[in-house]
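**Student:** Below is a structure I'd like to ask you about.
The values are calculated or read from the model by the stated rules, or taken from the named source; none is laboratory data. Because the structure is predicted, anything quoted here is derived from the model rather than measured. Every residue, glycine among them, receives a Cβ derived from its backbone with ideal geometry; neighbour counts consider all protein chains shown. For accessibility, only protein heavy atoms count, side chains too; no ligands or nucleic acids. Shrake-Rupley method; radii C 1.70, N 1.55, O 1.52, S 1.80 Å.
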Amino acid sequence: MITVTENLSFLSDLLRQAATDAGRDPAHVRLLAVSKKQPVDKIREALAAGQRDFGENFVQEGLEKIRALAGCDLTWHFIGRLQSNKTRVVAENFDWVHTIDKLKTARRLSAQRPAGMPPLNVCLQVNVDGEATKSGIAPHEVPELAAACADLPNLAFRGLMCLPAIREDIDAQRVPFAALRTLAEQLRRDGIETDTLSMGMTADFRAAIFEGATIVRIGTAIFGSRG
Ligand SMILES: *Cc1c(COP(=O)(O)O)cnc(C)c1O
């Protein structure tokens, strides 16, 4: 039985190798362990192995895990679809939200962020594939929503996130990630500070790292298959 600890060790070698091959500093690629549908025990094992960032997709499940692990030194990222009636729990309990796709959601998160907590870090989810079925905003909507998020008092606008379809080979897989990188470069030229590209999962992290991913969101390669 391969353990979470062994998986993390193997994966961190692969991430380091990808960054090095891409001519990047491996310290600039942060591993977000996606723990959705995985038991708290596996999160504890990852914590013991030194993993600090965890991602959850469902508000209630995430909240239960945050409560179960209260007092542990970790950072919680919300990476699922966020309905506007669930924003309060997220604003009060998470450190990051990667999936902003509406100004209304961003405004609610800012308004509901408790005083005394640091600003909530946010990324915009961008539909770089243009598939009708995928969530996220269209590329042309990025500048306006990014500027609006950057202006909200209790949010820290960090960057962009995407979840493209899986392609046949690495060159094809780099295309959507390059599109996200280009959008972030455009924001910088427009004077909007951004330091985060949240892109790459178990199947496509190497392509994402080649295109500048600063956060890779990986579940299966760490925890095994879900449920
Ligand atoms: C589930 C999920 C991941 C992790 O996917 P794996 O293929 O298990 O690595 C990453 N990002 C998002 C948004 C997810 O929902």
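**Student:** Take Ile215 and decide whether it is within 13 Å of the ligand (Cβ to nearest atom), in contact (Cβ under 8 Å) with a residue 40 or more places away in the chain and under 16 Å from Leu31 (Cβ atoms).
**Tutor:** Against the criterion (within 13 Å of the ligand (Cβ to nearest atom), in contact (Cβ under 8 Å) with a residue 40 or more places away in the chain and under 16 Å from Leu31 (Cβ atoms)), Ile215 qualifies.
**Student:** Next question. Output the qualifying pairs, or none if there are none: Cβ atoms under 8 angstrom, residues six or more apart or on different chains, first residue in the range 174-203 and touching a residue at least 12 places away in the same chain (Cβ under 8 Å) and on the phi > 0 side of the Ramachandran plot, second residue within 14 Å of the ligand (Cβ to nearest atom) and in a loop (DSSP other than H, G, I, E, B).
**Tutor:** Note: pairs meeting the criteria are Gly200/Ala213.
**Student:** Another one. So which residues in the range 17-38 are surrounded by 14 or more Cβ atoms within 10 Å (Cβ to Cβ) and among the aliphatic types (A, V, I, L, M)? Even if it seems obvious, please write down each step before you answer.
**Tutor:** Within the range 17-38, the first condition is being surrounded by 14 or more Cβ atoms within 10 Å (Cβ to Cβ), and the residues that meet it are 18-19, 22, 24, 26, 29-38.
Ala18, Ala19, Ala22, Val29, Leu31, Leu32, Ala33, Val34, listed by residue number.
**Student:** Just to be sure I understand, how many residues within the range 178-213 are within 14 Å of the chain's Cα centre (by Cα), β-branched (Val, Ile, Thr) and open to solvent by 30 Å² or more (accessible area, probe 1.4 Å)?
**Tutor:** Within the range 178-213, residues that are within 14 Å of the chain's Cα centre (by Cα), β-branched (Val, Ile, Thr) and open to solvent by 30 Å² or more (accessible area, probe 1.4 Å) number 1.
**Student:** What single numbered condition from (1) touching a strand residue (DSSP E or B) at 6+ places or on another chain (Cβ under 8 Å); (2) surrounded by fewer than 23 Cβ atoms within 10 Å (Cβ to Cβ) fails to hold for His98?
**Tutor:** It fails just one condition, (2).
**Student:** Being assigned to a loop (DSSP other than H, G, I, E, B) and among the charged types (D, E, K, R): is that true of Arg206 here?
**Tutor:** So Arg206 does not fit the description; no.
**Student:** Cβ-Cβ below 8 Å, separation at least six or inter-chain, first residue in the range 1-14 and acidic (Asp, Glu), second part of a loop (DSSP other than H, G, I, E, B): which pairs?
**Tutor:** Qualifying pairs under 8 Å: none.
**Student:** Report the residue count in the range 39-50 for those that are out of contact with any helix residue (DSSP H, G or I) (no Cβ under 6 Å at 6 or more places or on another chain) and open to solvent by less than 20 Å² (accessible area, probe 1.4 Å).
**Tutor:** Summing the residues that are out of contact with any helix residue (DSSP H, G or I) (no Cβ under 6 Å at 6 or more places or on another chain) and open to solvent by less than 20 Å² (accessible area, probe 1.4 Å) in the range 39-50 gives 1.
**Student:** Taking the range 189-201 as the region of interest, how many residues are within 12 Å of the ligand (Cβ to nearest atom) and either under 13 Å from Ser35 (Cβ atoms) or touching a Cys at 6+ places or on another chain (Cβ under 7 Å) (or both)?
**Tutor:** 2
**Student:** So for the range 144-152 (the condition being aliphatic (A, V, I, L, M) and under 27 Å from Ala46 (Cα atoms)), does at least one residue qualify?
**Tutor:** No.
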